[in-house]
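The values are calculated or read from the model by the stated rules, or taken from the named source; none is laboratory data. Bear in mind that the values here come from a model prediction, so they are computed numbers and not experimental data. Here the Cβ is made from the backbone with ideal geometry for all residues, glycine too, and neighbour counts use every protein chain on show. We work out accessible area using only protein heavy atoms, side chains counted, and drop any ligands, DNA or RNA first. Shrake-Rupley method; radii C 1.70, N 1.55, O 1.52, S 1.80 Å.
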Amino acid sequence: VTEGAKPKPLLHDTTLPRAALQVWTLPRLRSGPLTKADVQRRAAASWAGEIARLLSEARAGHVTLGGTPLAAGHIAVLVRSHAQGSVMRQALAVLGVGCVELSQASVFRGPDAEELERVLAALLQPGRDGLLKAALATRWHGLAAHQIDALASDDAGWLDRVQAFARHGALWRQRGVGLALQQWRQAEQVAERMLAAPDGARRLTNLLHLGELLHQASATQPSPEALLRWLQAQRDTPSGDDAAQLRLESDQHLVQIVTVHKSKGLEYPVVFCPFLWDGRSPSGGDGLDGMPGHDEDGLAVLDFRAGLDAGFDPAAAKAQARLDAAAETLRLVYVALTRAVHRCYLLAGSYSTLSFGHVSTTESARSLLNWLLLGGGLQGADWFNTKRKPATPAELDAAWARLADGRAIAVAPLPPALARPLPPAGDGQAPLQALAPPALLPRGWWIASYSGLAAGAGAGAGAGAEAWAGATEATPEPDSALQPRAGADHDGAVALPDAELPANDPPAAVPVDDILRFPRGTQAGECVHAAFELADFSEARSWPAAIAQALQRHGPLPGSAALPPAGTDALPLAGTDALPLSGTDTLRLAGTATPPLAGMLHNMLASVLATPLPVGTATRLQLATLAPQRRLVE
């Protein structure tokens with residue numbers, strides 16, 4: 001297979017020699033291969049040390065990708081299960097290497113769901129000492145065993161804990177589990193405590209995720225007790241839906257711990273495959289009662305014939321199920337080994353397990369990774385046949401050594417774990433500096449009335465165009481795509497300037513101060529708007545002053561006399577005493593006849609604000625009953 005045509009940045013490494021496929025073999029003692037638990041521990045530490053070494057050398061400029069230092073986000077660690085991911089995450093955290101985990105595992109299957117269940121049980125029954133001690137023993141509270149024992153011996157301190165949990169439980173019953181968990185996290189300083197731990201971000205993300213799922217489930221679980229049983233049922237369910245999948249705890253550029261399932265179709269510059277050596281066959285079936293298998297058409301089925309059908313062969317069904325599981329594992333091995341762009345690290349070899357009280361290497365010898373080397377000509381059933389003698393550790397080591405070609409594939413013993421932590425990224429770098437402030441940006445949008453749009457619809461002329469030019473005169477030239485564009489006024493052909501509008505002559509029976517006699521035009525409409533905006537709906541004494549200001553601001557109107565400036569000559573409005581305007585000026589209201597336009601606006605305000613509106617229940621809404629703080633002027 002040749003490389004693709006897509007150009008890729010080159011990986012340049014001037015440090016220790018590493019091949020494109022770097023195979024490390026499992027170490028062996030004089031007494032024989034290491035146990036599986038020791039291999040997992042040593043392998044995780046060695047992988048973490050190599051990752052820390054690469055990132056440290058990259059900061060020194062010795063490992064580059066496309067001319068820039070290799071970053072943590074360029075490295076992926078592929079695992080089969082969430083448990084393996086946790087092992088690698090802890091090993092990386094010991095060396096100060098930041099990482100994030102992408103997994104299809106359910107958040108209900110981890111220890112965080114179990115600890116949250118303990119806390120919720122104690123919130124509902126804080127008087128039960130056993131439940132409260134179990135909750136305090138969780139990592140959320142950070143208490144050691146001797147601290148819990150001392151607290152239980154302190155009557156006053158224990159009572160404080162009981163009362164605190166009782167308050168959170170009461171809040172849960174009154175206002176929901178979401179608010180109760182939020183108050184509990186704040187009171188116990190859970191976030192501060194967890195984020196100080198190496199895996200605190202992962203644990204806190206799980207806690208927030210679980211709280212969100214509980215809040216959503218509370219819509220169908222009417223009581224706290226039912227919600228707690230729902231959580232217990234979710235923990236017992238082998239798999240969850242997409243909403244329960246573990247979430248990414250950070251969006252920073254960190255080492256990615258990814259399950260092989262999640263990595264399908266993706267590629268990473270550098271890939272570590274630390275656990276493909278594990279030869280333990282997956283159980284399959286996901287805890288289901290039936291035996292998983294396939295029918296003649298290849299469709300997945302669950303077979304419940306065991307013990308019910310005399311012609312059913314359980315041994316053959318189990319063997320077939322094992323072959324199916326092995327085929328899936330082999331597909332995942334293929335996916336893992338083909339994700340790397342430049343370099344893939346692989347661990348292979350022999351380890352020992354206890355089988356019927358005896359040390360055995362059979363499980364490791366029959367791993368599917370070793371089948372790639374020694375399984376030529378053997379079918380799956382032959383490879384797993386217990387009567388066939390498995391390869392010895394020496395034979396496996398020799399087979400892996402023969403794989404090395406001195407160029408693209410290198411085989412070497414697993415190096416010892418490096419205990420040198422990765423220093424923080426900020427060490428030795430330039431101090432932080434604030435960026436220069438950006439240039440002024442034009443407004444991308446604004447609110448305007450139809451009148452404002454129509455005023456700017458002319459071809460660069462008129463008050464609207466002048467207003468826009470004045471507003472943008474002091475700003476830099478904006479992007480043409482952001483400049484507002486005035487559309488064509490389709491009513492322009494029939495619209496007339498205010499001076500050319502026909503006279504407003506309603507029938508003679510209409511009173512002289514009726515609003516139907518008010519002038520027409522844009523200026524008159526804005527005057528009516530201003531009267532409503534300035535008037536206090538609930539205080540009729542403010543209406544004459546608001547009307548006077550509206551007429552002064554938008555006058556003179558056709559058919560109206562010029563109004564005297566506020567605070568100078570008397571404005572003859574009937575019915576009230578002088579009302580305060582702005583500052584110390586007053587509008588003196590004499591007992592003479594009301595000017596026609598002011599009377600029209602006054603009667604209109606009184607009619608509109610007193611009209612019952614078709615909203616409300618027992619009482620219809622009247623605008624005159626609204627206080628100023630309950631209205632919003634557009």
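Could you tell me which of rounded, prolate or oblate describes segment 151-236, using a ≥ b ≥ c as the square roots of the eigenvalues of the alpha-carbon gyration tensor, with rounded for a/c under 1.5 and, failing that, prolate when a/b is larger than b/c and oblate otherwise? Please list the in-between numbers first.
Details: a/c = 1.96, a/b = 1.15, b/c = 1.70.
Here segment 151-236 falls in the oblate category.
Sort 597-604, 72-79 for me by packing, meaning the mean count of neighbouring Cβ atoms within 10 Å per residue, highest on top. Spell out each step's value before the answer.
Details: 597-604: 22.1, 72-79: 24.1.
Top to bottom by mean Cβ count within 10 Å: 72-79, 597-604.
Past 29 Å, Cα to Cα, is the threshold; run Lys6/Lys264; Lys36/Lys133; Lys264/Lys387; Lys133/Lys262; Lys36/Lys262; Lys36/Lys387 against it and keep the listed order.
On the way: Lys6/Lys264 19 Å; Lys36/Lys133 35 Å; Lys264/Lys387 36 Å; Lys133/Lys262 39 Å; Lys36/Lys262 26 Å; Lys36/Lys387 23 Å.
With Cα atoms farther than 29 Å apart: Lys36/Lys133; Lys264/Lys387; Lys133/Lys262.
Could you list which residues have their amide H under 5 Å from that of Val77, counting only those 5 or more apart in sequence or on another chain, with H placed in the peptide plane?
Answer set, sorted by chain and number: Gln256, Ile257, Val258, Phe272.
What's the ranking of 379-390, 305-316 by average number of surrounding C-beta atoms within 10 Å, highest first? Could the numbers behind the result be given before it?
Working: 379-390: 13.0, 305-316: 9.8.
Top to bottom by mean Cβ count within 10 Å: 379-390, 305-316.
Counting only protein heavy atoms and using a 1.4 Å probe, what share of the accessible area of segment 91-198 belongs to carbon plus sulfur, as a whole percent? Can you show the working numbers first?
On the way: 2500 of 5130 Å².
Summing carbon and sulfur atoms, their accessible area is 49 percent of the total for segment 91-198.
When only Cα pairs under 8 Å and 6 or more residues apart are kept, what is the percent relative contact order across segment 66-146?
Numbers: 38 pairs, mean separation 12.5, N = 81.
Relative CO of segment 66-146 lands at 15 percent.
Where does the charge balance sit around Gly311 when Lys and Arg score +1, Asp and Glu -1, over other residues with C-beta under 14 Å from its C-beta?
On the way: positive: Arg305; negative: Asp303, Asp309, Asp313.
Here the count lands on -2.
State the percentage of accessible surface on segment 16-81 attributable to carbon and sulfur atoms; use a 1.4 Å probe and exclude ligands, DNA and RNA. Write out the running numbers ahead of the final one.
Working: 1420 of 2660 Å².
Of all accessible area on segment 16-81, carbon and sulfur atoms account for 53 percent.
Go through segment 168-175 residue by residue and turn each phi into a ³J(HN,Hα) via Karplus (6.51, -1.76, 1.60, θ = phi - 60°); whole Hz please, and just put x for glycine and proline.
5, x, 5, 5, 4, 5, 8, 10
Count charges around Leu54 for me, please; just the other residues with Cβ under 12 Å from its Cβ, Lys/Arg as +1, Asp/Glu as -1. Kindly include the intermediate steps, with their values, before the conclusion.
Numbers: positive: Arg18, Arg53, Arg59, Arg343; negative: Asp13, Glu50, Glu57.
After counting each charged neighbour, the total is +1.
For the peptides 167-173, 349-355, 228-234, what is the packing order when you average, over each peptide's residues, the other Cβ atoms within 10 Å and list the highest mean first? List each step's numbers first, then the result.
Numbers: 167-173: 17.7, 349-355: 20.1, 228-234: 16.1.
Descending packing order for the listed peptides: 349-355, 167-173, 228-234.
Where does the charge balance sit around Phe537 when Lys and Arg score +1, Asp and Glu -1, over other residues with C-beta under 13 Å from its C-beta?
Numbers: positive: Arg541, Arg630, Arg631; negative: Glu533, Asp536, Glu539.
Result for the neighbourhood of Phe537: 0.
For Thr338 paired with Asp505, estimate the spin-label separation in nm (one decimal), with each label point 7 Å from Cα along the Cα-to-Cβ line.
The modelled label-to-label distance comes out at 9.1 nm.
How much length, in nm to one decimal, is gained on full extension between Gln174 and Arg620, taken as 0.36 nm per residue of separation minus their Cα-Cα distance?
Values: separation 446, 0.36 × 446 = 160.56 nm, distance 3.36 nm.
Answer, rounded to one decimal: 157.2 nm.
Could you give me the ³J(HN,Hα) list for segment 262-276, computed from phi with Karplus coefficients 6.51, -1.76, 1.60 and θ = phi - 60°, whole Hz, x at Gly and Pro?
5, 7, 4, x, 9, 9, 9, x, 10, 10, 10, 10, x, 10, 6
Considering the convex hull of the alpha carbon atoms of segment 1-150, report its projected area averaged over all viewing directions, in nm², one decimal.
Numbers: hull surface 60.9 nm².
Computing the convex hull of the Cα atoms and averaging its projections yields 15.2 nm².
For segment 323-390, take every pair of Cα atoms, bin their distances at 10 Å starting from 0, and report each bin as a whole percent.
Spelled out per bin, shortest first, that is 17, 45, 30, 7, 0.
Give the carbon-plus-sulfur fraction of the accessible surface of segment 336-401 in %, rounded to a whole number; probe 1.4 Å, heavy atoms of protein chains only. Intermediate results must be reported in sequence, preceding the final value.
Working: 1750 of 3100 Å².
That share works out to 57 percent.
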